[in-house]
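J.: Structure provided below as structure tokens; questions to follow.
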Amino acid sequence: MFFVSLRLCARPKVYCVIETMPISSTILVESVSIAEILNGVPLGIVLLDRSLCVLRMNRFFEALTGYSEEDALGVPGNFIIRSDLHTRGQPFRQILVSGESLIQEGTILNCHRKKLPILFTISPLHDSEEQIAGLIVVLEDLSSVRHAERNAGGVDCMAKLLGHSPKMQEVFELLPVLARTDASLLITGETGTGKDKIAEVIHKTSKRARQPFIKINCGALPESLLESELFGHVRGAFTGAIMDKPGMFRLAQDGTIFLTEIGDLPLSLQVKLLTVLDDMEFYPVGGCTKVKVNVRVIAATHRSLREQVRDGLFREDLFYRLNVLQIHLPPLREREGDIRLLLDYFFRDFVSQLGSHIKGFSNASLEVLLAYGFSGNVRELSNIVEYAVNICPGEQITPEYLPKYLFAPENHQKSVVPGQPASVSSREERRHQTANKTETHSSENWNETEREMILGAMKKTGGNRTKAAELLGLGRTTLWRKLKAL
Amino acid sequence: MKILITISGDNVAPRFDMVSELLIASYNPKGLTGKPRTILMAGPSPEDLCSLILKEDINIVICGGIEERHYKYLAWKKVEVFDSVIGPFNEVLDLAMKNKLRSGTILLSARNVRDT
């Protein structure tokens, strides 16, 4: 166990408190493990030694950066924190030399490929001989502050959830109710409908908002790894487990854990998850001590869990345990009028991000987009707009700058779905059928003409292929190939 | 095959968007085909870097942290990206040529060395 002499931490204040404390309190403070102290603070904290390598970190720091203490131990801090402070000199080294604290805003780029706005507070740590022994770096996530600032014009924090359709209005009405409770929640909906976004909004508007929000994709990891990822492991639990690992449930302590693609969770882990949901405690892999957690569970899937239960792929008891609260996100094709709204939103967003001068979509492009089925829902729509904004060199996005697959007939056949205005669907179908017919006719005509020309040339030259090829303006091998195909 | 590594000193740079020094190496199954060259960019710009990667026909990019949008863009352009790599770039290049490098690799030699 790593113990701290609090003299080493924050020099003037804590030092004085200890000096004036009764003996019993001093013993209590000095016997508290540093991990407990660090984990009690709802800010990311990392301790660096004199060579600026990672000594310790708390679980908020792990959640912010995506690195576990086990991975980061001994690695130079700037490779783990990945801040932009180092572009403005070498602040860590300067603080080691000057001994003066630094408070500065900047960003970090974490392992989940997300850039987060951060307020850095970097202070020196002193040893018992008053020499600088290392640094303490405190990271305060400013995402919510920035978000609030962006929405200062009277728009609330759910501004990124867009939709005027009645089905989305129902979802919006339900969100505050879902955020008020700690009950398990199941979010269903097709891929790209915004399940992750909804889970994040529910977390951010709940009383757990200042605590971690940990997302796990149950379908992304093999069974053996997933158990260790979710519930952690103890040292020696399996080959390669050289240190204890807390697991995502413990990292999400007091916050929310979001289990996406829950339908892909292996049956063996479903039992363990059920136990956690029931008792809020579990054994880490290879561990013999129960760990108690206080975590809200939000699960999401694009599969029908009822069908999976019927097929024996998902435990019925777990389904009912997760399905305490349920919210279904409608696919884009069922959200009347939202396609245009989202097109405009993403268009403005990408244009401002890229500093582009494109003014909008042409009517022909809009016709194609509004008729398309968007089987990938909002994600697909966003990708299409991003593609068009990136590719288009002019001022208006015309159909030639839309992804080619939008014009493939099979995509349009897929797009004819219930709920889509019949006139648009049938018009599109007719357009493509006509195009296909014309294409087939012209290709048949050309084949026939070519056949007649080749036969004519062969007759004229008395069957001499070299002369026939010359007459037709073809190479000899090309003529041979075409004759073979006749 | 062509590899591009974002570098800072002797190590893989911590951030793709803050990098201004690059190493480009070409190799075949027998080893390096020529001396790796380093490029200094005018200033850090992830967009310029993405353009350079495409212009140079790079097959593999090795970097530290990278934003999702740049990662997806490169993946869309069929460039393989190994991100969150920590360690000296020469060892990282060696691992990549042996097809042993993965995203998130932290080399042992990166631990307990002095900060760059």
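The values are calculated or read from the model by the stated rules, or taken from the named source; none is laboratory data. These numbers come from a predicted model, not from an experiment. In this analysis, Cβ positions are derived from the backbone assuming ideal geometry, glycine residues included, and neighbour counts consider all displayed protein chains.
J.: Test each condition in (1) surrounded by 15 or more Cβ atoms within 10 Å (Cβ to Cβ); (2) in contact with a strand residue (DSSP E or B) (Cβ under 9 Å, 6 or more places away or on another chain) for residue A:221 and report the one that comes out false.
T.: (2)
J.: With respect to residue B:109, is the statement that it is small (Gly, Ala, Ser) and more than 11 Å from chain A (Cβ to nearest Cβ) true?
T.: On the way: small (Gly, Ala, Ser): yes; more than 11 Å from chain A (Cβ to nearest Cβ): no.
Here the answer is no, as residue B:109 does not meet what is asked.
J.: Still on this structure: Cβ-Cβ under 6 Å, sequence separation 6+ or interchain: first residue in the stretch A:304-326 and touching a residue at least 12 places away in the same chain (Cβ under 8 Å) and on the phi < 0 side of the Ramachandran plot, partner assigned to a helix (DSSP H, G or I) and among the aromatic types (Phe, Trp, Tyr). Which pairs?
T.: A:305/A:319
Yes/no per residue for (1) closer than 23 Å to residue A:376 by Cα; (2) in contact with a Cys (Cβ under 8 Å, 6 or more places away or on another chain); (3) free of Cβ contacts under 8 Å to residues at least 12 places away in the same chain:
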{"position": "A:173", "(1), (2), (3)": "no, no, yes"}
{"position": "A:181", "(1), (2), (3)": "no, no, no"}
{"position": "A:186", "(1), (2), (3)": "yes, no, no"}
{"position": "A:196", "(1), (2), (3)": "yes, no, no"}
{"position": "A:200", "(1), (2), (3)": "yes, no, no"}
{"position": "A:206", "(1), (2), (3)": "no, no, no"}
{"position": "A:211", "(1), (2), (3)": "no, no, no"}
{"position": "A:222", "(1), (2), (3)": "no, no, yes"}
{"position": "A:227", "(1), (2), (3)": "no, no, no"}
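J.: Taking the stretch A:30-54, which residues are outside any strand (DSSP E or B), surrounded by 18 or more Cβ atoms within 10 Å (Cβ to Cβ) and within 14 Å of another protein chain (Cβ to nearest Cβ)?
T.: A:52 - this is the single residue of the stretch A:30-54 that is outside any strand (DSSP E or B), surrounded by 18 or more Cβ atoms within 10 Å (Cβ to Cβ) and within 14 Å of another protein chain (Cβ to nearest Cβ).
J.: Condition first: out of contact with any Ser or Thr (no Cβ under 7 Å at 6 or more places or on another chain), outside any loop (DSSP other than H, G, I, E, B) and over 16 Å from residue A:227 (Cβ atoms). Now tell me which residues in the stretch A:284-298 satisfy that.
T.: A:292, the sole residue that qualifies.
J.: Also, I was wondering about something else. Within the stretch A:234-266, how many residues are in contact with an Asp or Glu (Cβ under 8 Å, 6 or more places away or on another chain) and acidic (Asp, Glu)?
T.: Matching residues across the stretch A:234-266 total 1.
J.: Is there any pair with a first residue in the stretch B:65-76 that is within 8 Å of chain A (Cβ to nearest Cβ) and a second that is of a type in the set (Val, Ile, Thr) whose Cβ atoms are under 9 Å apart and which are 6 or more apart or on different chains, and what are they?
T.: Within 9 Å, the pairs are B:65/A:108; B:66/B:6; B:66/B:81; B:71/B:81.
J.: Working carefully through the options B:62, B:86, find the one that is among the β-branched types (Val, Ile, Thr) and without any contact (Cβ under 8 Å) to a residue 60 or more places away in the chain.
T.: On the way: B:86 fails: without any contact (Cβ under 8 Å) to a residue 60 or more places away in the chain.
None of the others qualify; the one that does is B:62.
Per-residue answers, yes or no, for (1) more than 12 Å from every other protein chain (Cβ to nearest Cβ); (2) out of contact with any strand residue (DSSP E or B) (no Cβ under 6 Å at 6 or more places or on another chain):
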position: B:41; (1), (2): yes, yes
position: B:44; (1), (2): no, yes
position: B:48; (1), (2): yes, yes
position: B:58; (1), (2): yes, no
position: B:82; (1), (2): yes, no
position: B:85; (1), (2): no, no
position: B:97; (1), (2): yes, no
position: B:104; (1), (2): no, yes
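J.: Can you tell me which residues in the stretch A:246-273 are in a helix (DSSP H, G or I) and either touching a Lys or Arg at 6+ places or on another chain (Cβ under 6 Å) or free of Cβ contacts under 8 Å to residues at least 24 places away in the same chain (or both)?
T.: A:251, A:263, A:270
J.: Condition (residue is touching a helix residue (DSSP H, G or I) at 6+ places or on another chain (Cβ under 9 Å) and within 14 Å of chain B (Cβ to nearest Cβ)) applied to the stretch A:138-151: is it met by at least one residue?
T.: no
Yes/no matrix, rows are residues, columns are (1) within 9 Å of another protein chain (Cβ to nearest Cβ); (2) assigned to a strand (DSSP E or B); (3) modelled with pLDDT under 90:
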{"residue": "A:56", "(1), (2), (3)": "no, yes, no"}
{"residue": "A:74", "(1), (2), (3)": "yes, no, no"}
{"residue": "A:92", "(1), (2), (3)": "yes, no, yes"}
{"residue": "A:97", "(1), (2), (3)": "no, no, yes"}
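J.: State all residues of the stretch A:229-242 that are in contact (Cβ under 8 Å) with a residue 24 or more places away in the chain and closer than 26 Å to residue A:141 by Cα; if no residue qualifies, say none.
T.: Answer for the stretch A:229-242, where residues must be in contact (Cβ under 8 Å) with a residue 24 or more places away in the chain and closer than 26 Å to residue A:141 by Cα: A:230, A:231, A:232.
J.: Which condition from (1) modelled with pLDDT of 55 or more; (2) under 14 Å from residue A:367 (Cα atoms) is the one that residue A:428 breaks?
T.: (1)
J.: So, in the stretch A:282-303, exactly how many residues are without any contact (Cβ under 8 Å) to a residue 24 or more places away in the chain and touching an Asp or Glu at 6+ places or on another chain (Cβ under 8 Å)?
T.: Residues meeting the conditions: 2.
J.: Here's another thing I want to ask about it. Only one of these is touching a helix residue (DSSP H, G or I) at 6+ places or on another chain (Cβ under 8 Å), in contact (Cβ under 8 Å) with a residue 24 or more places away in the chain, within 24 Å of residue B:111 (Cα to Cα) and assigned by TED's automatic domain parsing to the domain that holds residue A:64: A:93, A:113, A:82. Name it.
T.: A:82
Listed here are the residues, each with its yes/no results for (1) modelled with pLDDT of 85 or more; (2) assigned to a loop (DSSP other than H, G, I, E, B); (3) surrounded by 14 or more Cβ atoms within 10 Å (Cβ to Cβ).
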residue	(1), (2), (3)
A:161	no, yes, yes
A:183	yes, yes, no
A:188	yes, no, yes
A:196	yes, no, yes
A:206	yes, yes, yes
A:215	yes, no, yes
A:225	no, no, no
A:230	yes, no, yes
